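Contents: one structure, followed by commentary.
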Amino acid sequence: MKIFDCFRYCGEDLLLNLRLKTLYNKVDKFIIIEGNKYYNGEEKKQLFDINNFKEFKKKIDFYFINNFPNYDFKNNEKSHWVYDDFHINKIGLGLNNLNDDDYVLISDLDEIPKLDNKEFLKYDSTVFLQNMYYYKFNVHLYKGLKWNNKWPGTKGCKFKYFKSARQVREFRVKNFPWWRFDRKIKRHVKQDGGWHFSYLMNEEQIKLKLLRVPGEIQHVLRNDEESKNKLFDDEIIKNKLKNFIDPYGRSDVFLKKVKIDNTFPSYINENIEKLSDYIA
């Protein structure tokens with residue numbers, strides 16, 4: 001049984017390095033997908049450079065996608081979802097000649113699963129509930145999420161149940177009991193499932209990211225037009241970053257600084273000084 005760690009990339013070298021160091025000895029292959037467009041339709045060049053990750057090269061399969069469909073983003077508000085689905089499903093390019101029991105993990109790059117315990121391999125599918133952090137490695141979103149204030153980031157399944165990367169990303173955070181007649185595959189919900197590190201950026205980078213993920217904004221804020229209107233204000237972004245306020249401006253989400261300890265990836269613990277710019 002092999003483990004395939006699959007995710008999209010968009011220039012997040014800090015987090016990619018952390019991910020590779022954390023998981024290199026725990027997975028058999030990294031499938032990395034990058035696109036030539038952002039989800040707002042903006043063109044981009046290839047950012048991934050294998051020379052920056054030579055020590056991990058033998059386990060990396062990289063694919064650059066340059067055939068996104070053409071859409072009118074000004075007149076079709078759902079175009080970003082088409083791009084999102086198209087992009088994530090290109091992960092399938094790297095899933096060749098797998099055995100039925102090989103395990104496929106689907107994440108965003110900044111969602112790093114904790115794989116020290118291999119119990120999840122006994123199940124048909126798994127949802128990894130992850131501690132969520134914004135702005136710095138140790139600024140914890142401690143209140144405001146479902147699932148005991150954790151994020152259902154990485155999700156995975158045995159290859160025989162894999163249909164598409166999007167299908168895996170939509171797995172419900174629920175394990176139906178054995179006696180349910182509508183139970184299809186055994187699902188494990190891993191409570192201590194890893195870490196989601198998001199928006200480890202400066203003000204300008206945060207603004208650019210928000211501009212390029214219109215679908216995420218729509219999903220998170222839905223009908224909260226007031227918060228949407230404040231997303232791209234430079235001073236508001238600066239204030240949120242300085243005072244650990246939710247980047248989306250949600251009033252029911254709370255962040256706080258926590259201590260780096262052994263619950264974090266060992267690479268962070270062992271490189272506090274090196275990573276000091278990203279630690280509060």
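The values are calculated or read from the model by the stated rules, or taken from the named source; none is laboratory data. Quantities reported herein were computed from a predicted structural model and do not represent experimental measurements. In this analysis, Cβ positions are derived from the backbone assuming ideal geometry, glycine residues included, and neighbour counts consider all displayed protein chains.
Need a quick list: strands (runs of 3 or more DSSP E) entirely within region 30-147 having at least 2 residues that are free of Cβ contacts under 8 Å to residues at least 60 places away in the same chain and under 28 Å from residue 161 (Cβ atoms). First the steps, then the outcome.
Working: elements: 60-65, 103-108, 111-113, 125-134, 139-143.
Because the criterion is at least 2 residues that are free of Cβ contacts under 8 Å to residues at least 60 places away in the same chain and under 28 Å from residue 161 (Cβ atoms), the strands (runs of 3 or more DSSP E) in region 30-147 that meet it are 60-65.
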Given the conditions (1) aromatic (Phe, Trp, Tyr); (2) surrounded by fewer than 21 Cβ atoms within 10 Å (Cβ to Cβ); (3) over 16 Å from residue 5 (Cα atoms), every one holds for residue 62 apart from (3)
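Given 204, 226, which one is exposed (fewer than 12 other Cβ atoms within 10 Å of the Cβ) and closer than 21 Å to residue 139 by Cα?
Just a single option satisfies the conditions, and that option is 204.
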Identify, by number, the condition in (1) loosely packed, with under 15 Cβ neighbours inside 10 Å; (2) modelled with pLDDT of 95 or more that residue 72 doesn't meet.
(2)
Assess whether residue 63 counts as being at pLDDT 95 or above and assigned by TED's automatic domain parsing to the domain that holds residue 8.
yes
Matching residues, region 199-215, being within 30 Å of residue 261 (Cα to Cα) and touching a Lys or Arg at 6+ places or on another chain (Cβ under 9 Å):
199, 200, 201, 203, 206
Only one of 189, 139 is closer than 25 Å to residue 248 by Cβ, among the β-branched types (Val, Ile, Thr) and either surrounded by fewer than 17 Cβ atoms within 10 Å (Cβ to Cβ) or under 18 Å from the mean Cα position of the chain (by Cα) (or both); which?
139
Would you confirm whether or not region 182-205 contains a residue that is more than 27 Å from residue 280 (Cβ to Cβ), of a type in the set (A, V, I, L, M, F, W, C), assigned by TED's automatic domain parsing to the domain that holds residue 149 and modelled with pLDDT under 75?
no
Restricting attention to region 1-27, which residues are touching a residue at least 40 places away in the same chain (Cβ under 8 Å), assigned to a loop (DSSP other than H, G, I, E, B) and not hydroxyl-bearing (Ser, Thr, Tyr)?
1, 2, 10, 12, 26, 27
